[in-house]
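Nothing in this text is a laboratory measurement; each read-out follows from the coordinates by a stated rule. Everything quoted here is computed from the prediction, not taken from an experiment. Neighbour counts run over all protein chains shown; Cβ positions are idealised from the backbone, glycine included.
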Amino acid sequence: KNRFNELIEASPNAMAIYYTRDLIIGAANKMMRNFFGKEEHIIGKTLAEAVPELTKQPFIALLQKVYDTGISHHATEDHAQLVVDGKLQDYYFNYTYKPIIDSEGNTEPILHSAVNITEQVTFRKQLAEAQQRLTIALESAEIGTWDLNPMHKTVNWDQRCRALFGFEDREQTTYAKVLDCIHPDDKSKVIQAVANAI
């Protein structure tokens with residue numbers, strides 16, 4: 001047990017180790033205790049006792065399956081609810097449950113390593129929601145938009161903008177073709193605006 005505990009304490013990532021099918025916590029480094037929102041003594045308790053909010057989530061059953069089968073479980077961007085600072089909060093983790101198998105093929109402990117990716121997932125979701133709101137707003141206002149790839153001088157259109165400029169749905173459009181659609185009096189202003197943006 002000591003060698004596992006030393007490994008866990010030295011790990012730069014959140015790690016814990018669980019013994020028996022009851023998932024008794026043999027060790028949990030500070031980062032893992034922070035994830036659990038538990039600074040008090042949790043060693044020697046079962047995971048269900050130490051982190052009771054997990055009993056209504058799939059993680060304990062997953063760990064027991066790993067214990068029974070001896071097969072690791074990996075997850076990415078998995079949602080978990082944990083009581084931190086006295087409040088149930090949403091988090092997202094990449095994590096692994098890895099069984100340590102003895103010479104007879106039985107699971108001794110399970111190593112649990114985790115990375116908190118809540119900030120990245122939340123940011124991506126907010127970005128997707130903002131994009132969706134923008135799309136709805138543009139569609140409602142019947143405004144067309146286009147994006148220029150300055151390296152290849154190609155243009156990506158939304159459907160409304162294609163219709164406004166008279167291009168076919170799947171037609172590959174170049175920046176030069178776009179400029180051909182601009183009134184001669186305005187062309188230099190567009191060219192300058194695009195150059196300034198780049």
- [ ] Could you size up the charge dipole of segment 71-152 around its Cα centre, putting +1 on the beta carbon of Lys and Arg and -1 on that of Asp and Glu, and report it in debye to the nearest 20?
- [x] 160 debye
Task: Positive-end residue of Ala141, Trp157, Ile8, charge dipole of the chain with Cβ unit charges - done: Ile8
Task: Potential extension, Phe123-Lys153 segment - 0.36 nm per residue separation minus Cα distance - done: 7.8 nm
Task: Full-extension gain in nm, His41 to Ser188, via 0.36 nm per residue minus C-alpha separation - done: 45.9 nm
TODO: Averaging over all projection directions, find the projected area of the Cα convex hull of segment 158-198 and quote it in nm² with one decimal place.
DONE: 3.2 nm²
TODO: Please report, in cubic angstrom per residue, the volume enclosed by the convex hull of the alpha-carbon atoms of segment 115-162.
DONE: 91 Å³
- [ ] Calculate the dipole size of segment 100-191 relative to its Cα centre from +1 charges on Lys and Arg beta carbons and -1 charges on Asp and Glu beta carbons; express the result in debye to the nearest 20.
- [x] 540 debye
Open item on the list: Using only the alpha carbons of the chain, what is the convex hull's orientation-averaged projected area in square nanometres?
Closed with: 18.0 nm²
- [ ] Counting helices only, and only those DSSP H runs with n ≥ 4, report the 222 nm mean residue ellipticity of the chain as the sum of -39,500 (n - 2.57) divided by its residues, in deg cm²/dmol to the nearest 500.
- [x] -12500 deg cm²/dmol
Open item on the list: Just to be sure I follow the rule: in the chain, considering lysines 8 or more places apart or on different chains, how many pairs have Cα atoms under 20 Å apart?
Closed with: 20
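What dipole magnitude, in Debye to the nearest 20, does the chain give about its Cα centre under +1 on Lys/Arg Cβ and -1 on Asp/Glu Cβ?
Details: 21 positive and 27 negative charges, 40 e Å.
The dipole of the chain has a size of about 200 debye.
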